[in-house]
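The values are calculated or read from the model by the stated rules, or taken from the named source; none is laboratory data. Just so we're clear, the structure is a prediction, and the values are computed from it rather than from any experiment. Positions of Cβ are backbone-derived with ideal geometry, glycine not excepted, and every protein chain shown enters the neighbour counts. Side chains are part of the model used for accessible areas, which takes the heavy atoms of the whole protein and leaves out ligands, DNA and RNA. Shrake-Rupley method; radii C 1.70, N 1.55, O 1.52, S 1.80 Å.
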Amino acid sequence: MKKIFLVTAAVILAAICADAQVGRRYYVDAGWQFNGTFDNRFSESANGWGAYIEGGYYFLPRVAAGVFASFNTNNEYFPKQTYAVGNTTAVTTDLYNSLYQIPFGATLRYRFAWKKVQPYAEAKIGANYAREYQLFSTYGAYDSQWGFYISPEIGVVFHPFNKSNIGLQLSGYYSYATNRSEAFGLDGINNAGFKLGLSF
């Protein structure tokens, strides 16, 4: 009787897991990233010059830990005007402010369903390398620094094929980095955007 109970319990548990599980316990997501910067005095723009990659392992059926890395470039154009250069010089020109960022670090993901459609919430924490460029017509200036990075994200992964782990990912995020530049008046970097990519 005890053996029958154990076999029955094992079969029911296997059936539940087989119905719920789509693909492997690990994931790799990569794709295109659209990023907007706001509430800073250097570059407030939204550009699609970005990409991301992340991966993790579901150590529980709904909870995964992993790593991530991405990059963004945000460019803002300023029309021609006169700028003071030092105490005795001025130049009349247009300029571009360009903000380049590379955040990377660790992730913690919770998926709300373990089926073909997997909505999730994710938290990211790590470091952010940023480099600012100010490009005039005849010369340029730049500064770079490191900062602390944190980002909440919500999204969905869709696995349309029964016997393949390949899927589509769509997500939205907000992030804040503590990067500061006295030269360009940058005091923290606020980002918001969305990601569109493939999930493996």
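For region 54-77, a residue qualifies if it is more than 20 Å from the chain's Cα centre (by Cα) and surrounded by 14 or more Cβ atoms within 10 Å (Cβ to Cβ), and the qualifying residues are R62, E76.
Checking region 117-126 against the condition returns a match, with at least one residue being open to solvent by 50 Å² or more (accessible area, probe 1.4 Å) and touching a residue at least 40 places away in the same chain (Cβ under 8 Å). Taken together, Y173, Y133, Y110 contain a single residue that is open to solvent by less than 80 Å² (accessible area, probe 1.4 Å), at pLDDT 95 or above, of a type in the set (F, W, Y) and touching a strand residue (DSSP E or B) at 6+ places or on another chain (Cβ under 9 Å), which is Y173. For region 32-82, the tally of residues that are of a type in the set (K, R) and in contact (Cβ under 8 Å) with a residue 40 or more places away in the chain stands at 2. In summary, Y139 fulfils each of the numbered conditions (1) surrounded by 14 or more Cβ atoms within 10 Å (Cβ to Cβ); (2) over 30 Å from L198 (Cβ atoms); (3) of a type in the set (F, W, Y) with the single exception of condition (1). Just to verify a result, which residue in region 89-106, among those that are β-branched (V, I, T) and open to solvent by 10 Å² or more (accessible area, probe 1.4 Å), is nearest to G193 (Cα to Cα)? Among those that are β-branched (V, I, T) and open to solvent by 10 Å² or more (accessible area, probe 1.4 Å), it is I102.
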